[in-house]
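For reference, the structure is listed below as structure tokens.
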Amino acid sequence: MPTCRRKRVVLTEPSQDLVDAVDSDPDRKVFFLEVTGEIFNNYEEYAARMSFYRLKQFQCEVTGKSGLDYFQALESERQEARTLHSRFPEPLKAAVLKAVQWQVVGRLDHLVEAVYERFKDRYFKGEKIIVDLSGIRYLARIDRVYPPKFSDSKVRDSYKDMAPNSLDSEELHPVGGDLKIPAEECNARDNPSGYYYWVYLLELEKDKSHEKGKTKAQEAQKDGKLVGSLIEVKCPMMSRDRLAFSKSILRRFIRDCVDRDPAVASPWTVKPVIAQRYGVVSQMPEETRKDVEDVRKGEIDKRKKIWEEKEGPPAKKQKKMTAAQEEKAKASAATAERKERDAREKAEKQRLAKEEAERLAAEKKKKKPIRYPTEDLDIQISEKDKKSGIKVQRPLANRTVLPFNTKPGAFESFLLAWNFLVVYGHPLHLSSFTLDEFEQAIRHSIPDLPCPLLSEVHSTLVYNLRTVPFVRHSALLSLLKQKEEMEEKDQPDEAPYGVTVDQLVAAMADVGNNWERVPLRFSEGREGWEEAVIGCLKDHANLTNFPRIREILTKLLFAPETDDEVNGSSSRVSTPTGYTLSVPAAPGDRYCSLPAEDRIAILSFMCNLAISSKAIHVHMESCEEQLTALRKEKIEVNRQKKQYIEEINRLTGEDKEESNPAQANGSGEDIAMQDGTSDISDLSEVRPKSLGHSKEREAARAKQASQKQALAEQRRIEEELNKIERRLEGIEREFRKLLGAVRVKPLGRDRFYNRIWWFDGMGAASLVGNGGNTQYGTGRIFIQGPSEFDMEILNQRTEDDIEARRQEEEGEEGMLKSNEWAVYSELEELDEFVAWLNPKGHRELALKNLLTKWWPHITAGVKKRISDANSNAKIPDARRSARGKPNGVDVSRELYMVWTNRKAINAS
């Protein structure tokens with residue numbers, strides 16, 4: 001059973017309500033955890049138990065491995081149990097289990113020691129053993145066992161022609177398996193050295209340390225005289241494989257098969273299922289029961305005596321008292337005894353609590369070395385780490401610079417819409433744009449200067465939503481139904497902005513009715529897209545899937561009588577929204593005054609609907625196929641890379657061999673030869689030496705040519721390796737783009753489960769443009785607070801003060817609530833954040849590795865965004881036209897205004 005903090009995990013019992021429901025409500029729905037067999041009444045209990053089991057705080061009881069979840073620890077124990085039972089000798093299992101049954105031994109180690117000493121020289125039929133014959137070791141199998149009474153060889157030979165099972169009636173080691181009998185008496189009555197064993201030699205033991213014996217054995221095997229033969233041996237010549245039988249293996253086997261109650265002097269008992277399989281008696285004999293009770297009573301008396309000795313000497317004898325005095329004395333003694341007992345119990349509880357506190361303190365001081373990486377929250381920053389200069393507090397992420405972050409959920413909806421439009425730019429026929437450009441377009445409110453980005457985004461969503469099924473006049477029917485329900489309840493209509501349902505329905509009647517057939521041509525600037533959006537909302541939205549539809553339609557279809565009414569200079573009519581809209585107006589004229597939060601709500605709603613369109617689904621399936629092809633290509637490219645690296649290593653090794661010290665010896669011989677020729681005048685001797693020099697020069701030229709060719713080959717392979725590296729980098733970028741179109745995942749999570757997001761280079765966006773120039777989408781790193789599920793995990797760590805730790809390591813202002821957002825926009829902030837990450841933790845190590853992998857592109861995007869922001873912040877030329885220049889800024893020259901949709905299709 002897996003352990004948690006050195007204690008066995010106790011499975012949850014079904015509640016009494018579930019037990020009663022077996023008879024009263026057998027069809028009742030419950031939550032069943034198949035691995036453990038636990039049954040839960042509701043999902044909350046099931047989820048809480050699963051969260052507990054998923055924590056990396058369990059330990060395999062067999063191997064001692066820690067840092068596992070419950071299921072990993074359970075699988076580890078099962079795997080070890082299967083390995084153990086397959087190795088442990090099968091014929092020895094029943095004998096060992098019968099020996100340990102009902103044994104009263106305090107420590108398991110003492111029991112293992114006793115069993116090992118009894119069975120190390122006692123063998124059983126069918127066991128596989130090792131036999132040592134004159135230094136040659138054989139693997140053998142025991143065929144027959146003869147007890148000491150068969151000491152006469154003639155008697156044993158008489159059994160040679162009989163069947164092996166004719167000796168099964170003979171009880172082997174009848175006394176040796178009884179641990180109650182002392183070892184000396186046991187060996188005297190049943191000496192293991194007196195047993196004879198007939199064994200079959202199966203094969204030679206594979207041991208390289210006995211070369212001479214191995215040669216002799218191989219010669220004997222060739223003659224056919226040893227392997228496969230039946231020989232007679234005794235226990236001094238026999239041994240067991242240490243992987244099958246040793247004290248450690250025996251200890252694991254016994255611990256896996258037996259159990260013991262926590263009561264004083266409880267005996268070790270074989271588990272019922274195992275006892276039934278190996279024929280071990282599960283019913284305790286009466287004689288054994290009496291012995292166990294005697295041992296238990298003696299242990300209790302011993303403890304009682306020790307306690308009484310601590311209480312002090314007995315009181316002196318008193319004179320004989322009257323009956324009344326005796327009654328009074330008995331009552332006083334009973335009261336005193338009760339008070340004394342209560343005091344003892346209180347003192348015992350205090351002592352146990354103190355010992356437990358001391359034990360826990362000692363465990364904290366003397367913890368085992370942690371294997372890194374480990375659970376991030378288990379890593380504490382020590383004083384030594386602080387003194388060494390490690391960064392304790394995470395850099396403060398900015399929340400104020402996030403667009404539209406003043407209202408809850410507005411920034412998330414804004415980010416969702418931008419990500420959808422950029423990622424699915426190919427099926428939507430929409431060119432990429434940055435998050436800053438999208439923000440500026442959402443804020444654009446100049447009536448006489450249309451924003452092309454707004455018109456293109458809304459038009460492409462309108463085209464896409466024409467293929468999504470809708471209910472005609474869905475918004476109108478929803479509004480009328482709400483009106484009827486309020487009339488039935490006698491509730492007054494709140495009439496936002498002073499517009500009643502009837503007035504709004506009347507204004508909606510003639511707007512956007514032909515939205516699914518409006519051309520919205522690119523060459524005409526998508527004229528009429530505002531009315532098409534109104535028509536799309538009328539047929540797709542209702543008060544259930546878009547609760548703000550009434551307020552938004554009111555703002556798009558009605559205008560105030562004067563601008564002063566909106567600005568608040570005139571008297572206002574009492575409405576829930578503060579001002580009235582009384583004049584019907586065209587959506588094209590009203591959209592420029594629509595608040596940014598409402599624009600985001602419209603786009604977010606349309607993007608959520610567009611996800612279910614056929615074009616998006618086809619694109620996602622295409623991305624899945626391309627991902628599969630990229631995975632295969634990456635495997636092939638890595639295989640080629642490995643081959644090239646091996647080839648370079650081979651060429652490098654050859655160069656080292658050729659440039660060895662032998663060259664120096666050769667040059668010395670040449671000098672000596674030249675010196676010798678000066679004293680020789682015989683031309684017949686000079687000529688052979690000249691021929692030798694010629695051959696050496698030819699060899700040197702050949703060697704030089706060979707080295708030159710090898711160097712050229714090495715350069716060629718290095719160029720191929722560079723190409724492969726560039727291709728691998730391209731594959732990684734393509735993989736990120738395609739994977740971003742299928743699912744968007746954070747880069748990782750930090751120690752407190754904050755999610756780190758980087759949205760660049762996904763879907764239709766790219767990290768590198770034509771010519772290798774940097775491209776970005778957000779140019780920032782976003783950080784999102786823990787999810788609700790992660791918050792539950794944090795709150796479950798009751799042994800640690802997580803709140804105080806978060807204040808220290810995140811800062812009071814840096815602590816993000818669930819799903820709250822912040823951002824890092826500067827390179828210095830990113831550097832500090834990466835330095836804060838601790839690679840000793842699982843989550844932060846994975847996060848740091850991913851940040852390191854994409855760091856060149858992340859930092860390049862941040863720099864490019866800062867550069868673009870600085871270039872756009874220049875003072876405008878005063879001589880230019882003032883058209884579209886609020887506060888002296890030429891809006892028409894802003895990046896979001898000069899953006900062009902190069903993927904646009906003039907659909908009709």
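Here are the numbers for this structure:
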read-out: Which numbered condition Pro14 fails, given (1) surrounded by 11 or more Cβ atoms within 10 Å (Cβ to Cβ); (2) closer than 28 Å to Asp378 by Cβ; value: (2)
read-out: Inter-residue pairs, beta-carbon under 8 Å, first in contact (Cβ under 8 Å) with a residue 60 or more places away in the chain and on the phi < 0 side of the Ramachandran plot and in the stretch 592-616, second part of a helix (DSSP H, G or I) and polar (S, T, N, Q), 6+ apart; value: Ile600/Ser413; Ala601/Ser413; Leu603/Ser413; Ser604/Ser413; Ala610/Asn464; Ser613/Asn464; Ala615/Asn464; Ile616/Asn464
read-out: Those residues of the stretch 805-821 which are aliphatic (A, V, I, L, M) and either at pLDDT below 90 or surrounded by 18 or more Cβ atoms within 10 Å (Cβ to Cβ) (or both), in sequence order; value: Leu816
read-out: Filter result (under 18 Å from Phe58 (Cβ atoms), part of a loop (DSSP other than H, G, I, E, B) and either touching a residue at least 24 places away in the same chain (Cβ under 8 Å) or touching a helix residue (DSSP H, G or I) at 6+ places or on another chain (Cβ under 8 Å) (or both)) within the stretch 7-37; value: Val9, Leu11, Thr12, Val35, Thr36, Gly37
read-out: When residues of the stretch 761-798 are limited to those that are of a type in the set (D, E, K, R) and out of contact with any Lys or Arg (no Cβ under 9 Å at 6 or more places or on another chain), the one surrounded by the fewest Cβ atoms within 10 Å (Cβ to Cβ); value: Glu788
read-out: Counted residues, the stretch 260-290 - those being over 40 Å from the mean Cα position of the chain (by Cα), closer than 19 Å to Pro89 by Cα and not in a helix (DSSP H, G or I); value: 2
read-out: Criterion: at pLDDT 80 or above and surrounded by 11 or more Cβ atoms within 10 Å (Cβ to Cβ) - qualifying residue of Arg351, Arg394, Arg371; value: Arg394
read-out: Verdict on Thr460 being in contact (Cβ under 8 Å) with a residue 24 or more places away in the chain and touching a Leu at 6+ places or on another chain (Cβ under 6 Å); value: yes
read-out: Selection status of Lys384, surrounded by fewer than 16 Cβ atoms within 10 Å (Cβ to Cβ), over 30 Å from Arg521 (Cα atoms) and not assigned by TED's automatic domain parsing to the domain that holds Asp598; value: yes
read-out: Residues located in the stretch 777-810, provided they are within 21 Å of Trp821 (Cβ to Cβ), part of a helix (DSSP H, G or I) and under 19 Å from the mean Cα position of the chain (by Cα); value: Glu788, Phe789, Asp790, Met791, Glu792, Ile793, Leu794
read-out: Filter result for Phe735 (crowded, with 22+ Cβ neighbours inside 10 Å, touching a helix residue (DSSP H, G or I) at 6+ places or on another chain (Cβ under 8 Å) and aromatic (Phe, Trp, Tyr)); value: no
read-out: Residue ID - surrounded by the fewest Cβ atoms within 10 Å (Cβ to Cβ), chosen from residues in the stretch 613-654 that are hydrophobic (A, V, I, L, M, F, W, C) and under 29 Å from the mean Cα position of the chain (by Cα); value: Ile635
read-out: Counted residues, the stretch 526-552 - those being free of Cβ contacts under 8 Å to residues at least 12 places away in the same chain and not charged (D, E, K, R); value: 1
read-out: All positions within the stretch 881-898 that are modelled with pLDDT under 85 and surrounded by 15 or more Cβ atoms within 10 Å (Cβ to Cβ); value: Gly884, Lys885, Asp890
read-out: Hits in the stretch 92-133 (condition: among the basic types (Lys, Arg) and closer than 17 Å to Lys247 by Cα); value: Lys93, Arg107, Arg118, Lys120, Arg122
read-out: Those helices (runs of 4 or more DSSP H) lying entirely in the stretch 396-479 with at least 1 residues among the charged types (D, E, K, R); value: 410-423, 435-443, 452-465
read-out: Count of the stretch 811-838 residues which are more than 20 Å from Ile381 (Cα to Cα) and in a loop (DSSP other than H, G, I, E, B); value: 8
read-out: Among the candidates Ala244, Ala263, residue that is exposed (fewer than 11 other Cβ atoms within 10 Å of the Cβ), assigned by TED's automatic domain parsing to the domain that holds Ala140 and hydrophobic (A, V, I, L, M, F, W, C); value: Ala263
read-out: Pairs where the first residue, in the stretch 467-496, is free of Cβ contacts under 8 Å to residues at least 12 places away in the same chain and the second is part of a loop (DSSP other than H, G, I, E, B) and surrounded by 11 or more Cβ atoms within 10 Å (Cβ to Cβ), C-beta under 7 Å, 6+ apart; value: Met486/Asp493; Asp493/Thr500
read-out: Some residue of the stretch 52-69 being in contact with a strand residue (DSSP E or B) (Cβ under 7 Å, 6 or more places away or on another chain), touching a residue at least 60 places away in the same chain (Cβ under 8 Å) and among the aromatic types (Phe, Trp, Tyr); value: no
read-out: Some residue of the stretch 77-87 being assigned to a helix (DSSP H, G or I) and among the aliphatic types (A, V, I, L, M); value: yes
read-out: Options Val115, Val62: the member that is of a type in the set (A, V, I, L, M), closer than 17 Å to Cys257 by Cβ and in the same structural domain as Arg141 (by TED's automatic domain parsing); value: Val115
read-out: Conditions (1) closer than 26 Å to Tyr43 by Cα; (2) of a type outside the set (Gly, Ala, Ser); (3) modelled with pLDDT of 95 or more: number failed by Arg780; value: (1)
read-out: Selection count, the stretch 106-124, where residues are surrounded by fewer than 18 Cβ atoms within 10 Å (Cβ to Cβ) and either in contact with a strand residue (DSSP E or B) (Cβ under 6 Å, 6 or more places away or on another chain) or aliphatic (A, V, I, L, M) (or both); value: 2
read-out: Which numbered condition Met1 fails, given (1) modelled with pLDDT of 85 or more; (2) surrounded by fewer than 16 Cβ atoms within 10 Å (Cβ to Cβ); (3) under 27 Å from the mean Cα position of the chain (by Cα); value: (1)
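The values are calculated or read from the model by the stated rules, or taken from the named source; none is laboratory data. Remember, predicted model here, so these are calculated numbers, not experimental data. Cβ: placed from backbone, ideal geometry, glycine included. Neighbour counts: every protein chain shown.
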